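The values are calculated or read from the model by the stated rules, or taken from the named source; none is laboratory data. Since the structure is predicted, the reported quantities are computational estimates derived from the model, not experimental observations. Note that each Cβ is placed from the backbone with ideal geometry, even for glycine, and that neighbours are counted across all protein chains shown. For accessibility, only protein heavy atoms count, side chains too; no ligands or nucleic acids. Shrake-Rupley method; radii C 1.70, N 1.55, O 1.52, S 1.80 Å.
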Amino acid sequence: DIPPEDVIDNTVNLGVRISVLVLCGIVMVLGVGLMAWTHRNRKARVVLASQPFFLHIICVGAIVMASTIIPLSIDHGIVSVEGCTRACTSIPWLSSMGFSMTVSALFTKTHRINILLNNANRMQRIKVTIWDVAKPMIFLLSGK
């Protein structure tokens, strides 16, 4: 006499799935809205001081990180095993790329300020272009 097999169905509850996807959508809409606000006010002094190009990259990084929630809400209750495998594979890529974009933009902003302050000590006037400071960001995002 074999006892019946205990099956534990680890699927995400529908209410939880809807809640997290709504929160994901809110983060994405806010990210796009803040990018639009930054673009519209790019000539304002406070936005110019905050470097609009890098603010856009920070918003895109936050949107990519928030998109990690979408594959996290997928389980075998809605898609096949192959679909679950693809969703699980995308999770580290989305989260690491979003995090890398956000942190590298913040690092690059700090690097730009450091260049300006070092040249201010020498009483030199210098213009630091976006491309000058985007090189470290590209290096950080490439993963080399």
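Listed values, structure above:
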| quantity | calculated |
| --- | --- |
| Cα-based Rg and Dmax for region 15-81, where Dmax is the largest Cα-Cα distance (Å) | 15.8, 52 |
| Heavy-atom surface of the chain, accessible at 1.4 Å and reported per residue (Å²) | 71 |
| Accessible area of the chain belonging to carbon and sulfur atoms, whole % at 1.4 Å probe | 68 |
| Cβ-placed point charges (K, R +1; D, E -1), dipole of the chain about Cα centre in debye, nearest 20 | 1860 |
| The chain: angle of helix 52-66 to the longest principal axis, Cα-based, in degrees nearest 10 | 10 |
| Selection from Q51, V12, P92, by position along the positive dipole direction of the chain (Cβ) | Q51 |
| ³J(HN,Hα), Karplus 6.51/-1.76/1.60, whole Hz, each residue of region 2-18, x for Gly, Pro | 8, x, x, 6, 8, 9, 9, 9, 8, 9, 7, 4, 4, x, 5, 4, 5 |
| Computed magnitude of the charge dipole of region 1-75 (debye, nearest 20; Cβ of K, R +1, Cβ of D, E -1) | 1260 |
| Directionally averaged projected area (convex hull, Cα atoms, region 40-109), nm² | 5.4 |
| Largest-first principal axis extents, alpha carbons of the chain, Å | 89, 34, 21 |
| Helix-only mean residue ellipticity at 222 nm for the chain, each DSSP H run of n ≥ 4 adding -39500 (n - 2.57), per residue, nearest 500 | -24500 deg cm²/dmol |
| Sequence of T110, T11, T102 when ordered by accessible area, the most exposed leading, probe 1.4 angstrom | T110, T11, T102 |
